[in-house]
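One structure is given here, and the rest of the page talks about it.
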Amino acid sequence: MAGIILQYVSTLTLNLKHLGFPPLSDRIPSSLPSPESTVKASQVPNLFREPYILSGYRPVQQDWRCYLFSLFQRHNESLNVWTHVLAAPVLLLRWWANAGAVGYTLDTVSLPLLLFLLSSLTYLFLSVMAHLFHSHSEHAHYFFFFMDYTGVALYQYGCSLGHYFYTSEPSWRESHVGLSFLPASAFLAWLSCAACCFAKSRYRRPYPVQRKICQIIPNALAYLLGVSPVVHRLFTVSWTQEPSLLFHALQVASFLLSALFFSCPIPERFFAGHCDFVGQGHQIFHLFLSLCTVFQLEALFQDYARQRRTLVEVFGERQGGWACVALPALFVCCILTALQHSLMDIVYKQN
């Protein structure tokens with residue numbers, strides 16, 4: 001979708017030139033900086049180079065506004081930005097439609113659904129910020145990706161809240177996993193943020209395999225725990241009686257595909273230089289992760305509508321309140337962890 005939009009904008013610009021209209025860049029006041037042309041990998045520091053991506057890099061040390069305006073520039077991060085820019089309004093529209101259909105009202109038992117939406121929008125926003133501004137400098141690169149990891153951790157716990165209160169079955173909640181689910185989910189979400197920050201600051205290019213292991217294992221553990229009530233329900237409940245299970249299956253499939261493209265540099269590994277702008281594995285990862293979030297929202301709304309009248313009886317208001325309070329506490333912990341690694345990065349460079 002984002003690639004089609006960028007292609008459409010490029011075609012429209014050419015057509016306007018043929019009709020005698022000045023290009024958009026000529027209509028921007030001269031006092032505002034405009035982004036420089038993209039450069040090859042050899043023209044940027046090693047930190048910013050991605051394997052098998054040979055061109056389309058934005059020069060470093062431009063004015064901050066240049067990176068903001070690069071939202072409408074064609075570079076090798078464009079689709080990484082636009083896949084999440086476009087996902088946010090899709091989520092908000094689906095929220096509006098679903099909330100109107102089920103008569104959503106904000107109370108203790110419906111709060112986890114709202115927190116899931118807020119955590120989703122947070123990770124999308126912080127991801128956009130990271131891919132849009134990280135090229136400014138080495139410090140900016142580390143800082144914005146540390147914030148990106150914070151958003152991912154928040155989203156992990158937001159998913160766990162929704163799955164626990166709306167998707168889980170009584171037999172699962174009474175198991176050893178179910179009894180420790182929420183505190184364990186919060187801890188693993190923080191651990192995944194801390195491990196990603198550590199791996200990002202500890203290892204330098206060319207990255208060893210240990211870096212990927214540090215990133216993948218904590219996130220995999222957090223995901224396996226967070227999705228466990230969904231998997232349990234997929235295998236114990238009849239799909240013909242529960243329409244939400246189709247969306248749950250789609251969200252699991254989308255996430256697994258996103259994990260594949262995050263872990264492996266495909267297809268650019270086999271077409272070096274041909275995926276510089278469109279077709280990178282990380283772009284496909286973003287696309288499937290966005291789809292996963294949309295499918296989750298649809299499934300959770302259906303689960304919420306199915307049992308909202310019994311939620312207070314099952315969980316009680318106190319349990320729901322404490323579980324929701326844990327999310328801002330997790331956010332603060334992750335922010336402090338990210339800032340600590342950011343400061344350590346500054347000290348490391350000075351020494």
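The values are calculated or read from the model by the stated rules, or taken from the named source; none is laboratory data. Here the structure is a predicted model, which means the values were calculated and not measured. Cβ placement follows ideal geometry from the backbone for every residue including glycine, while neighbour counts extend to all protein chains displayed.
When restricted to residues that are acidic (D, E) and farther than 24 Å from S31 by Cα, the stretch 57-99 contains 1. Of all the residues in the stretch 92-110, those that are surrounded by fewer than 19 Cβ atoms within 10 Å (Cβ to Cβ) and part of a helix (DSSP H, G or I) number 10. In the stretch 124-145, the residues that are under 17 Å from Q283 (Cβ atoms) reach residues that are at pLDDT below 95 with C-beta atoms within less than 8 angstrom, at least six apart or across chains, in these pairs: F145/K200.
Scanning the stretch 111-132 for residues that are crowded, with 21+ Cβ neighbours inside 10 Å, over 16 Å from the mean Cα position of the chain (by Cα) and hydrophobic (A, V, I, L, M, F, W, C) gives a single hit, L113.
The residue that is farthest from C324 (Cα to Cα), among those in the stretch 158-203 that are of a type in the set (S, T, Y) and out of contact with any Lys or Arg (no Cβ under 9 Å at 6 or more places or on another chain), is S201. Looking only at residues of the stretch 43-77 that are in contact (Cβ under 8 Å) with a residue 40 or more places away in the chain and among the basic types (K, R), we find that the one that is nearest to Y142 (Cα to Cα) is R49. Every listed requirement among (1) closer than 27 Å to M147 by Cα; (2) in contact with a His (Cβ under 6 Å, 6 or more places away or on another chain); (3) not charged (D, E, K, R) is met by P229 save one, (1).
The combined condition, being aromatic (F, W, Y), more than 17 Å from N80 (Cβ to Cβ) and either in contact with a Pro (Cβ under 9 Å, 6 or more places away or on another chain) or surrounded by fewer than 16 Cβ atoms within 10 Å (Cβ to Cβ) (or both), is fulfilled by F271. Among the residues of the stretch 133-159, the one identified as charged (D, E, K, R) and either within 9 Å of the chain's Cα centre (by Cα) or at positive phi (or both) is D148.
Pairing each residue of the stretch 253-267 that is closer than 18 Å to L221 by Cβ with any residue that is surrounded by fewer than 16 Cβ atoms within 10 Å (Cβ to Cβ) and at pLDDT 95 or above, provided the two are 6+ apart or on different chains, yields C-beta distances under 9 Å for A259/A220. Would you point out the residue of the stretch 163-180, among those that are under 22 Å from E242 (Cα atoms) and small (G, A, S), that is surrounded by the fewest Cβ atoms within 10 Å (Cβ to Cβ)? My answer is S171. Listed by position, the helices (runs of 4 or more DSSP H) enclosed by the stretch 1-89 that each have at least 3 residues that are at pLDDT below 95 and more than 28 Å from S120 (Cβ to Cβ) are 2-18, 24-27.
List pairs: first in the stretch 312-326 and in contact (Cβ under 8 Å) with a residue 24 or more places away in the chain, second aliphatic (A, V, I, L, M) and outside any helix (DSSP H, G or I), Cβ under 6 Å, 6+ apart or cross-chain? Listed pairs, sorted by first residue: V312/V109; G320/V109.
Counting only helices (runs of 4 or more DSSP H) that sit completely within the stretch 172-275, those holding 2 or more residues that are touching a Cys at 6+ places or on another chain (Cβ under 9 Å) and at pLDDT 95 or above correspond to 181-202, 209-236, 244-263.
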